Amino acid sequence: MEKEQKARATSDRRDDDCGPPSGWKERRRTPERRIPSVEETDMTEAEWISYFGAKESAPAPSAEAHEIAAEILGKARR
């Protein structure tokens, strides 16, 4: 028994801003199209580290921790 494969739509319905389907009301208080925007900003190195740097409260992994992790990985590969 083979199931019949339905053809997919050639266009994406999300490309059109046509609102909710008929019979449905908009649930957002102020409906607006949700399009992401990208902005470029200047950032100092200190700001970069404060946003994306490693947490200072976490201790740095020791050589012993690396050895233990390598041993566990070696066992998993067998």
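Structure notes:
- First in region 4-18 and under 19 Å from Arg34 (Cα atoms), second anywhere and modelled with pLDDT under 75 and exposed (fewer than 10 other Cβ atoms within 10 Å of the Cβ), Cβ under 7 Å, 6 or more apart: Asp17/Arg33
- Residue satisfying all of: in region 22-78; hydroxyl-bearing (Ser, Thr, Tyr) and exposed (fewer than 10 other Cβ atoms within 10 Å of the Cβ); modelled with the lowest pLDDT among these: Ser57
The values are calculated or read from the model by the stated rules, or taken from the named source; none is laboratory data. Note that this is a predicted model, so its numbers are computed, not measured. Counting neighbours? That spans all protein chains shown, and the Cβs are built from the backbone with ideal geometry, glycine included.
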